[in-house]
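Visitor: Provided herewith is a single structure, encoded as structure tokens, for subsequent inquiry.
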Amino acid sequence: MNNTTALTADFDFTAQMGNHLLEAGGGFNYSTIRLYSIGPIGLASDNLKGLPIEERYKRLQPTAIGYDYTGKTKTSKGDVNEPKLPMLAYAYIQDRFELSDMVLNIGVRFDYFDTKADILRDPLYPYIFGDPNAFDAPDFTKKEAEIYISPRIGLGFPVTANTVFHAQYGRFIQQPSLDQIYTTMIDLSSLVTDNNLGVNNGHVESEITTQYEIGFRHVVSDMAAVNLTAFYKNTEGLVNSATVFFRRSEGGELLRYITPTNTDFGTIKGLALSLDISRISYFSFSMNYTYSIAEGTGSSTGSSFTAAFRNVNGEIPKVIAPLDFDQRHTGVINVDFFVPQGQLGFLENLSANLLLRFNSGRPYTPLESQNLLVGTSNYGNTKGYVNSAYGPGNFRVDFRLEKAFRISNFILTPYLWVENLLDSDNPVTVYQSSGDPYTTGWITTLEGQRTAASTPNPEIYKSDYRAFERNPGNFGIPRLIKLGFKVNFTSQSGK
């Protein structure tokens with residue numbers, strides 16, 4: 001159960017003052033967050049046992065933020081399980097300064113992020129400040145507000161009569177998700193009797209990205225323009241799971257828990273090329289192509305959780321590898337045909353569009369085997385480095401045809417829209433043991449053959465397993481044909 005209310009305000013100001021275009025603005029967001037979560041099966045089981053209501057709820061240790069233990073009554077600031085009141089504010093100012101031979105953009109952004117979260121005072125000794133046998137108020141402190149000042153600089157100037165050079169630099173802030181920060185005494189209380197759990201200690205900061213771009217735009221006569229841009233983006237403090245060792249008392253047994261921390265970094269670099277050809281006769285054309293490399297030490301907030309959980313020494317291998325969203329080649333080609341009104345007779349107001357999209361495959365970590373019947377956490381050992389293999393690429397064509405007819409004050413436009421015209425399979429994910437979206441290959445392994453042979457009908461077992469592998473979620477959309485029409489009303493006054 002999630003109940004969030006927010007008060008938000010934004011303002012922007014723009015003014016032209018001679019050669020200066022000034023832009024300024026700001027805003028804030030003040031939220032009241034309430035959250036309640038409990039295991040319903042355990043609650044029903046305790047109900048059958050006849051346990052008292054308070055004991056029944058507390059034993060299951062619900063996550064209660066802004067609610068009491070039962071989730072039925074809202075609490076207020078200052079109460080036990082008080083609601084969270086995060087505040088985010090920002091402000092910016094930018095000056096676009098136009099000189100005779102140069103355009104200069106200079107700006108700065110201010111970010112303020114205050115979660116007002118209660119975080120562990122000492123993550124290494126989580127509950128020694130109050131009652132040494134439980135979490136209580138002295139074990140927590142308020143998280144300090146984050147304040148960032150981020151510069152932005154851009155410039156452009158002509159190199160020749162038809163070529164313009166441009167460059168940009170910027171610093172960008174991404175606040176961590178609130179569910180990676182907020183915690184409660186109830187959530188942490190399991191560490192009193194257990195360890196090796198996943199919990200929040202609240203010590204997570206924002207991710208900082210520094211981005212650079214440099215390129216040029218070249219105009220070919222009056223009909224075409226080419227834009228080539230090189231870019232580099234580096235993100236520090238990416239949030240991922242890590243192991244923290246703690247003691248219940250000074251000199252006590254060394255235990256551990258797993259928590260989100262700013263342990264990773266990532267880089268994205270590449271080239272972007274675009275070509276635009278304005279309308280020639282009844283045709284126009286555009287093309288965009290990007291080559292990029294995305295590498296780093298972690299792709300998501302949970303990508304290291306399995307390693308943290310399995311390695312008793314808490315060691316998480318940190319190697320620079322392709323990130324999950326690494327896609328070396330992406331491109332779009334758009335061809336448009338349009339007949340203006342009054343031309344080509346019946347074909348007037350006819351338009352046709354062909355959109356071609358292509359991309360290379362994304363990386364995955366190859367596995368020795370992958371039996372879908374054992375669950376996603378028991379697939380076994382890897383047989384290569386992290387994201388050392390790539391899945392197949394995609395190629396998709398969409399087609400749209402429409403023609404407008406004027407009837408009195410109405411314009412009726414029937415259309416035909418075909419997505420994935422060629423009915424390409426376009427896999428979006430593959431099985432990590434085979435690199436194939438159709439099969440894991442497990443049924444042909446020695447283990448698979450033995451398992452099938454142990455069943456009453458091995459051939460039916462194999463057939464059922466192959467049918468189970470055929471997951472439509474591994475593929476993009478099939479061919480979709482849509483027929484429809486649009487109706488527009490126009491005024492003919494003055495004609």
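The values are calculated or read from the model by the stated rules, or taken from the named source; none is laboratory data. This one's a predicted model, so the numbers in the text were calculated from it and none came from an experiment. Note: ideal-geometry Cβ built from the backbone for every residue, glycine included; neighbour counts use all protein chains shown.
Visitor: It is to be established whether one or more residues within segment 388-403 are among the polar types (S, T, N, Q), assigned to a strand (DSSP E or B), within 26 Å of the chain's Cα centre (by Cα) and at pLDDT below 85.
Guide: Looking for residues that are among the polar types (S, T, N, Q), assigned to a strand (DSSP E or B), within 26 Å of the chain's Cα centre (by Cα) and at pLDDT below 85, one finds none in segment 388-403, hence no.
Visitor: Would a scan of segment 340-353 turn up a residue that is at pLDDT 85 or above, hydrophobic (A, V, I, L, M, F, W, C), over 25 Å from the mean Cα position of the chain (by Cα) and surrounded by 13 or more Cβ atoms within 10 Å (Cβ to Cβ)?
Guide: Among the residues of segment 340-353, at least one is at pLDDT 85 or above, hydrophobic (A, V, I, L, M, F, W, C), over 25 Å from the mean Cα position of the chain (by Cα) and surrounded by 13 or more Cβ atoms within 10 Å (Cβ to Cβ), which makes the answer yes.
Visitor: Also: Does at least one position in segment 287-298 carry a residue that is at pLDDT 90 or above and over 23 Å from the mean Cα position of the chain (by Cα)?
Guide: There is at least one residue in segment 287-298 that is at pLDDT 90 or above and over 23 Å from the mean Cα position of the chain (by Cα).
Visitor: In addition: For Tyr415, state whether it is closer than 21 Å to Pro478 by Cβ and in contact with an Asp or Glu (Cβ under 9 Å, 6 or more places away or on another chain).
Guide: Working: closer than 21 Å to Pro478 by Cβ: yes; in contact with an Asp or Glu (Cβ under 9 Å, 6 or more places away or on another chain): yes.
Spelling it out, Tyr415 is indeed closer than 21 Å to Pro478 by Cβ and in contact with an Asp or Glu (Cβ under 9 Å, 6 or more places away or on another chain).
Visitor: A follow-up question, please. List the pairs whose first member sits in segment 426-445 and is part of a helix (DSSP H, G or I), whose second member is small (Gly, Ala, Ser), and whose Cβ atoms are under 6 Å apart, counting only residues at least 6 apart or on separate chains?
Guide: Trp442/Ser369; Trp442/Gly448
Visitor: Moving on. Scan segment 54-80 residue by residue and report those that are out of contact with any helix residue (DSSP H, G or I) (no Cβ under 8 Å at 6 or more places or on another chain), polar (S, T, N, Q) and surrounded by 12 or more Cβ atoms within 10 Å (Cβ to Cβ).
Guide: The answer is Thr75, and nothing else.
Visitor: Being in a strand (DSSP E or B) and of a type in the set (Ser, Thr, Tyr) is the filter here, so list the residues in segment 66-103 that pass it. Reasoning before the result, please.
Guide: So the first thing to find is which residues in segment 66-103 are in a strand (DSSP E or B), and the list is 67, 74, 84, 87-98, 103.
Passing the criteria: Tyr67, Tyr90, Tyr92.
Visitor: Within segment 6-28, how many residues turn out to be under 30 Å from the mean Cα position of the chain (by Cα) and surrounded by 15 or more Cβ atoms within 10 Å (Cβ to Cβ)?
Guide: 4
Visitor: To continue, here is another question. May I ask you to list pairs of residues, at least six apart or on different chains, whose Cβ atoms are under 7 Å apart, with the first in segment 48-68 being within 26 Å of Leu85 (Cα to Cα) and the second being at pLDDT below 75?
Guide: Sorted first by the residue in segment 48-68, then by its partner, the pairs are Leu60/Gly39; Leu60/Gly42; Leu60/Leu43.
Visitor: Hey, can you tell me all the residues within segment 1-18 that are assigned to a loop (DSSP other than H, G, I, E, B) and either within 18 Å of Tyr112 (Cβ to Cβ) or out of contact with any Ser or Thr (no Cβ under 9 Å at 6 or more places or on another chain) (or both)?
Guide: Passing the criteria: only Gly18.
Visitor: Can I ask one more? Name the residues in segment 118-150 that are of a type in the set (Val, Ile, Thr) and in a loop (DSSP other than H, G, I, E, B), would you?
Guide: Result: Ile128, single match.
Visitor: Cβ-Cβ distance below 9 Å, separation of 6 or more or different chains: which pairs start in segment 91-109 with a residue that is surrounded by fewer than 14 Cβ atoms within 10 Å (Cβ to Cβ) and end on one that is of a type in the set (Phe, Trp, Tyr)?
Guide: Sorted first by the residue in segment 91-109, then by its partner, the pairs are Leu99/Phe157; Asp101/Phe157; Met102/Phe157.
Visitor: Name the residues in segment 450-495 that are aliphatic (A, V, I, L, M) and either touching a Ser or Thr at 6+ places or on another chain (Cβ under 8 Å) or under 14 Å from Leu373 (Cα atoms) (or both), would you?
Guide: Once the filter is applied, which keeps residues that are aliphatic (A, V, I, L, M) and either touching a Ser or Thr at 6+ places or on another chain (Cβ under 8 Å) or under 14 Å from Leu373 (Cα atoms) (or both), segment 450-495 yields Ala452, Ala467, Val487.
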